[in-house]
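> Handing you this structure, nothing more for now.
The values are calculated or read from the model by the stated rules, or taken from the named source; none is laboratory data. Computed from a predicted model, the values in this text were never measured in an experiment. Glycine also receives a Cβ, built like all others from the backbone with ideal geometry; neighbour counts cover every protein chain displayed. We work out accessible area using only protein heavy atoms, side chains counted, and drop any ligands, DNA or RNA first. Shrake-Rupley method; radii C 1.70, N 1.55, O 1.52, S 1.80 Å.
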Amino acid sequence: MNRNTAEVDALAADYLGFIFWEPSKRAFQGKMPVLAPNTKKIGVFVDASIKEVLQKTTEFDLDGVQLHGSESPEYCASLRQELTQPKKVESDVRLSAVSADRQAVEAPVIIKAFAVGSTFDFSILKAFEAHTDYFLFDTKGKLPGGNGAAFDWTLLQDYPSTTPFFLSGGIGPENLTNIQEFLASPAAAHCHALDLNSKFETAPGLKDTQALEAFITIIRTPNMQTYHADENGYYGEFGGAYIPEMLYPNVAELKAKYLEIMAEPSFQEEFQQLLKDYVGRPSPLYFAKRLSERYNTKIYLKREDLNHTGAHKVNNTIGQILMAKRLGKKRIIAETGAGQHGVATATVCALMGMECIVYMGEIDIARQAPNVARMKMLGATVVPALSGSRTLKDATNEAIRDWINNPIDTHYIIGSVVGPHPYPDMVARFQAVISEEIEWQLLEKEGRKNPDYVIACVGGGSNAAGAFYQYLDRPEVGIIAVEAAGKGVDSGESAATSALGKVGIIHGSKTLLMQTPDGQITEPYSISAGLDYPGVGPMHAHLFQSGRGEFISITDADAMKAGLELCELEGIIPAIESSHAFAVLEKKQFKPDDVVVINLSGRGDKDLNTYIDYFKL
Amino acid sequence: MNRIVSKLKENKKILSLYFTAGYPNLADTLPTLKQMEAADVDLVEIGLPFSDPLADGPTIQNSSTQALNNGMTTQKLFEQLAGVREHINMPLIIMGYFNPVLQYGVDAFCAQCAQIGIDGLILPDLPLEEYQEHYQPIFEKYGLANIFLITPQTSDARIRQIDAASNAFIYMVSTASVTGSKSGFGPEQTTYFKRVSDMGLKNPLIVGFGIKDQETFDTATEYTQGAIIGSACIKHLTENGPQGIDTFVKSVRP
Ligand SMILES: Cc1ncc(COP(=O)(O)O)c(C=O)c1O
C-alpha cells in the first residue's frame, strides 16, 4: 500500500505491509511516511535475494519481513542470521545508526507466507519453525498474494504448530461474520493477526479508510456489529438494490465507481474546496447557552442552517454533481418534496453549467411556490408529477422513470439516504462531513470527540446519517432519530415510519415503509414537507431494528412549539423539519453534564408561510 | 412440462397480451381471460396492480390506480383465478412488483400460483442477484418460471448470465423506456433484436414495450419468437372492456 498510507496508519493497525515486489499493482514507491510509534513496518518480498531484503530493511527501517515466494527453510535460516547480526558501517551513516540502535531493541521479525489451496500439507511447516517468527496463510491464486479470495479457514483446524500465524486472503466486510466465527473457534488458537488488503481497496494501493476503520473496530470488539453498509449496500437485512433491469447499467456503474472516485485526491480537493468556499463550511458548532439553561444540560447546535441554500442538502448535491461530472454525465435529474433538495440541485447545476430537471408532485408545487420560483431562477425545469398521490414519492417515481428513459447521459441526484445501493451509502458519505466536523469542534470546545447524544430529524434520513456517521460504531454515543408523528402516530395522518412501517421495497431499497397489508405504499402526512416520506433510509431501519438508535416521534404541535422556543431563546428560526429534533428536549430528560448535539438541519425561511398560518402571525 | 415452455416449442410467432387484473371493472379479470383464449392469444400476463409501478408509463399506471380503487388485492386476484384452469388453457404469467409479493409472503404467493395453475412470474424489480440468493429455490419448488428482462443497454455478459438463470423465455425490452412511451421502431431496435438473436441463447426471446399494431409486431418478431402488447391492450380495454379482443388481436396478427 502506498497511496494513502498515513490515513490508514491513523486507524492504528498493528502492522502495515509495504510490498517490495515490483510486478505487484501495490508495489511500494516513494518515501516512507512517518508512522505511529506502535505501528510495525513489514516489507513484503517475493523470492528476493537476501542482499536485497537486507538493503530494504535498513533503508526503510523495517520491523519485519514477510516472505511471499518459495523461500526455503535454509533461506529463512540465513536471513535470520543476517538480520540479527549487527550491521557493518554503511555509506549512509545516519540510517545504519538507526538500524544499529534498533538491533539493541529487537531484530526484525520473519513472517513466512504459504498459499493454501483446497487442501494444505501442514507437515512442510516443521522445517521452517526454528527460523521464522510467524507463518502467514494466504489463498492460492495466480499471484503470490492479493488475489482477493478467501480460502477455507476450517482447514486450519488441523494446524499442527504453535507458531503464531497471520490469516490473509480475501478478508473483507462481506465475510465479517465468518471471520468472527473463525476467531471464536479453536482453529484460531494460534491466529496472531488478520491481514487485510484487496477487499478494502477502492483501487490497487488505495485503501477505503472508512470501511477499514469500521472493520477494525468490530474485530477488536468481540460481538459487536457494524452499522455501516456492506459491499452490497445492506445494513443488516435492509438496503440492497431492488431495481428493474433497465436501471441496472446505471446503478452498476455507480456502484463500481463511487468509492474509487470519492477517494481520488482531485475529487476530495474539489469537494472540500467547494464545501469551504461555496457552501461556507465548516458550519459552526454553537453552544446554545439559554436553551441549555432551560433544559439543564449542555446543548450544542450543529448549524447546517447556515449553509448556502439553507440546509444540509447541499453537502450531498455538491458531492453528487462532482460524481456526475467524473462519470461523464451531461444531464441531471432530481426529485423534491418541499423543494429544498430541488433548490440545492438546481444550485449546483447552475454552478457547473449542467442541465437540470426537477420532478415535484403537483400538490407540492402548489404548496411550495417560493422554492419552485427559486429553482426556475436557477435555470432548472420543474416537471410536475401527476401520478399517484402527486407528492414526494410520486416525484421520486417520475425521476426514476426519467432515468429509465435516459440511461446514457443522465445522472440522478437522489436527495436523501434512500434508493438503491449505492445511493444510501454514497449520500451518507457526503453528509458525513457533519459529524467529522462535530468531532474536532467538540474536541476544541469540550476536550473530547464524542458527545453523549446526537439528535437529528429523519425524513429519508440524510441529515441524520451525516450527524450520526462517525458515531455509528461507538456505542458510548447515544443516537436519537426523530420522526414526524404528524397529527399523532395513530391518527392516520402521520409519517412515523419506524412506528408504522413494515419491511418492504420502496424506490429500490428494502427498508421500513408505510403500506397497506396488501403491500401498497401509503401516503404519509407531516406539517413539514421534508419529513413527509413513507419510507426511511435502510441505515435508519437497521438502527431502529437493532436498537442502536432511539426513535422518537414528534407531533406537528410539539414541533411547532419547539421551533418557536428556539426563536425566542436563541434567535434562530429553524426549518420545521429541524424543529422536530428540538422537541425531544421536552420528551427526554438529559443529565446536567451530558453533551447533547442537535443537528439544526435547515433554516426556517422556507417555512415562514406555515409558521404564519399556524401561529396566526 | 411447464405450459409456457410447451407453447414456445410450437413453430409460430407468439402473441402475448398484458392486462391489469380488476380493470376496467373489478370483475373483468376472468371475462378478459376468456375473451383472450377465444381470440387465440398464445400467452397472457396478468398484471397485479401496484401503487408505485416504477417501470410503467401513464397508461398502465392509471389502469393500476383504477384497479386498486376498484378494490383489487392480491387475495382478491387469487380468488378470481381460483377456477381459472377449468376455462383457460393458455399459459398464464403474473406480472407485478415485488413488494405486494413480499407482503403476501414469497412462499405463500408461489404456492397459491402453483395451486391455481399459474406458470410463471415477471417481477421487474426483483433483480437476478436477489432472486438467486434468496428466492430461486422457492420458485423451483413450485415449478414456476421466473422471467427476466433485458434492455438495449444490457451487456452481453449479463445477457448470458440471465440466459443461464432463465427457464422459459427472456423478456426483451425493446427500447430504453418505461412502458407505452415510444412510437414505432427504428433501425437501432432491429439491430438490437438481431444482435441478441445472433447470440444463440438457450431461451427464446419475446419482445415487449412499444408493440401496438401489426407493423411493430412484425418488426419485433422478425428476429425473435414473439411479442408482448401491454399499453395498447389496456387502451382497448379502457375503450371497450373485455369485448372485441378478437378484433384487436386480428388487427395485430391477421
Ligand atoms: C431542513 C431539512 N431537514 C431535514 C429534511 C429531511 O431530509 P433528511 O431526512 O434526508 O435529512 C429536509 C428535507 O427536505 C430538510 O429540508
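> Could you tell me the center-to-center distance, by alpha carbons, between the range A:375-453 and the range A:108-156 in angstrom?
45 Å
> Another question about this same structure. Taking the Kirkwood radius as the inverse of the mean 1/r across Cα pairs, report the Rg/Rh of the range B:3-252.
Here Rg/Rh amounts to 0.93.
> Give the average, rounded to an integer, of partner chain Cβ atoms located within 10 angstrom of each Cβ in A:497-505.
2
> Determine which residues of the range B:16-46 fall in the zone a paramagnetic label at B:Glu222 would reach in this model, i.e. backbone nitrogen under 16 Å from the point 7 Å along Cα→Cβ.
none
> How much accessible surface area, in Å² rounded to 10, belongs to the heavy atoms of A:Leu247 with a 1.4 Å probe?
10 Å²
> Just the number, please: carbon plus sulfur as a percent of the accessible area of the range B:3-252, 1.4 Å probe, no ligands or DNA/RNA counted.
For the range B:3-252, the apolar C and S fraction of the accessible surface comes to 48 percent.
> Oh, and also: At q = 0.17, 0.23, 0.30 Å⁻¹, work out log10 I(q)/I(0) for the range A:321-378 with the Debye formula, treating every Cα as an identical point scatterer and leaving solvent out; two decimals please.
After summing over all Cα pairs, the log10 values are -0.50, -0.82, -1.21.
> Let's test this: bin the Cα-Cα distances of the range B:128-176 at 10 Å from zero up to the farthest pair and state each bin's percent.
25, 54, 19, 2
> Could you work out [θ]222 nm for chain A from helices alone, using -39500 (n - 2.57) per DSSP H run of at least four and dividing by all its residues? Round to the nearest 500 deg cm²/dmol.
One gets -10500 deg cm²/dmol as the mean residue ellipticity at 222 nm.
> With a bin width of 10 angstrom, please list the P(r) values of chain A as percents of all Cα-Cα pairs, from the 0 bin to the one holding the largest distance.
Computed distribution, short to long bins: 3, 16, 24, 22, 16, 11, 6, 2, 0.
> Less than 13 Å apart at the alpha-carbon level, and either on another chain or at least 8 residues along: which aspartates and glutamates does that give for A:Lys393?
A:Glu335, A:Glu362, A:Asp364, A:Glu523, A:Asp532, B:Asp52
> If packing is taken as the mean number of other Cβ atoms within 10 Å per residue, what is the order of A:344-352, A:61-69, highest first?
Averaged packing, sorted descending, gives the order A:344-352, A:61-69.
> Evaluate the distance, in nm, between pseudo-label points positioned 7 Å from the Cα of A:Gln157 and of B:Asn240 along their respective Cα→Cβ axes.
So the two model labels end up 6.9 nm from each other.
> Along its principal axes, what span do the Cα atoms of the range A:225-362 show, with the longest given first and each in whole Å?
So the three principal-axis extents are 55, 42, 41 Å.
> Over the Cα atoms of the range A:471-588, Rg to Rh with Kirkwood Rh, two decimal places?
0.99
> In deg cm²/dmol, rounded to 500, what helix-only [θ] at 222 nm does chain B give when every DSSP H run of at least 4 residues adds -39500 (n - 2.57) and the total is split over its residues? All intermediate terms of the calculation are to be shown ahead of the outcome.
Numbers: 12 runs with 109 residues, N = 254.
Computed mean residue ellipticity for chain B: -12000 deg cm²/dmol.
> Run through every distinct alpha carbon pair of the range A:119-239 and return the Kirkwood hydrodynamic radius in angstroms, one decimal place.
Mean inverse Cα-Cα distance, inverted, gives 15.5 Å.
> Kindly sort B:Glu140, A:Glu483 by accessible area of their heavy atoms, largest first, with the probe set to 1.4 Å.
Highest to lowest solvent-accessible surface, that is B:Glu140, A:Glu483.
> While we're here: Give me the lysines in straight-line cross-link reach of B:Lys250: C-alpha distance below 23 Å, same-chain residues under 8 apart excluded.
Straight-line reach from B:Lys250, under 23 Å: B:Lys7, B:Lys9, B:Lys12, B:Lys13, B:Lys34, B:Lys182, B:Lys212, B:Lys235.
> Can you work out the Karplus-derived ³J(HN,Hα) for every residue in the range A:157-174? Use 6.51 cos²θ - 1.76 cosθ + 1.60 with θ = phi - 60°, whole Hz, and x for glycine or proline.
4, 8, 4, x, 9, 10, 5, x, 10, 9, 9, 9, x, x, 7, x, x, 6
> Determine the order of B:Met199, A:Met560 by accessible area, beginning with the largest, at a probe radius of 1.4 Å.
B:Met199, A:Met560
> Sticking with this structure for a sec: Suppose every Lys and Arg Cβ carries +1 and every Asp and Glu Cβ carries -1, with no other charges. What dipole size does the protein assembly as shown come out with about its Cα centre, to the nearest 20 debye?
Its charge dipole is roughly 860 debye.
> In peptide B:101-112, what is the residue-averaged number of other protein chain Cβ atoms found within 10 Å of each Cβ? Provide the component values of the computation, followed by the final result.
Values: counts 2, 8, 10, 3, 0, 0, 0, 0, 0, 0, 0, 0.
Averaged over the peptide's residues, the number is 2.
> Which is farthest toward the positive dipole end of the protein assembly as shown among A:Cys457, B:Gln35, B:Leu237, measuring Cα position about the Cα centre, with Cβ charges +1 (Lys, Arg) and -1 (Asp, Glu)?
Positive-end residue among those listed: B:Leu237.
> Let me ask something else about it. So how tilted is helix A:265-274 from the main axis of chain A? Cα-based, degrees 0 to 90, rounded to 10.
On a 0 to 90 degree scale, this one is about 30.
> Just report the Cα centroid separation between the range A:479-535 and the range B:74-102, whole Å.
Taking the Cα centre of each part, the range A:479-535 and the range B:74-102 sit 29 Å apart.
> From largest to smallest, what semi-axes in whole angstrom does the range B:96-179 give when each is the square root of 5 times an eigenvalue of its alpha carbon gyration tensor? Walk me through the intermediate numbers first.
Values: eigenvalues 105, 37, 27 Å².
Sorted largest first and rounded, they come to 23, 14, 12 Å.
> Where the only charges are on Cβ atoms (+1 Lys, Arg; -1 Asp, Glu), what is the dipole of the range B:3-252 about its Cα centre, to the nearest 20 debye?
300 debye
> Quick check: convex hull over the Cα atoms of the range A:187-283, volume per residue in Å³, rounded to an integer?
186 Å³
> What percentage of all Cα-Cα pairs in the range B:103-152 are separated by more than 15 Å?
It works out to 43 percent of all Cα pairs.
> Can you flag which of A:Lys255/A:Lys330; A:Lys41/A:Lys257; A:Lys142/A:Lys510; A:Lys313/A:Lys588; A:Lys40/A:Lys199 are past 26 Å Cα-Cα?
Flagged as over cut-off: A:Lys41/A:Lys257; A:Lys142/A:Lys510; A:Lys313/A:Lys588.
> Separate question: Assuming 1.306 mPa s and 10 °C, estimate D for the range B:1-112 with Stokes-Einstein, Rh taken as the Kirkwood radius over Cα pairs, in µm²/s.
108 µm²/s
> What does the structure give for A:510-523 when I average, per residue, the other chain Cβ atoms found within 10 Å of the residue Cβ? Mind showing how you got there, number by number?
On the way: counts 4, 0, 0, 1, 0, 6, 5, 5, 14, 14, 13, 5, 1, 1.
Taking all residues of A:510-523 together, the mean is 5.
> Here's another thing I want to ask about it. Identify all aspartates and glutamates with a Cα-Cα distance to A:Lys616 below 15 Å; exclude those on the same chain that are fewer than 8 residues away in sequence.
A:Asp607
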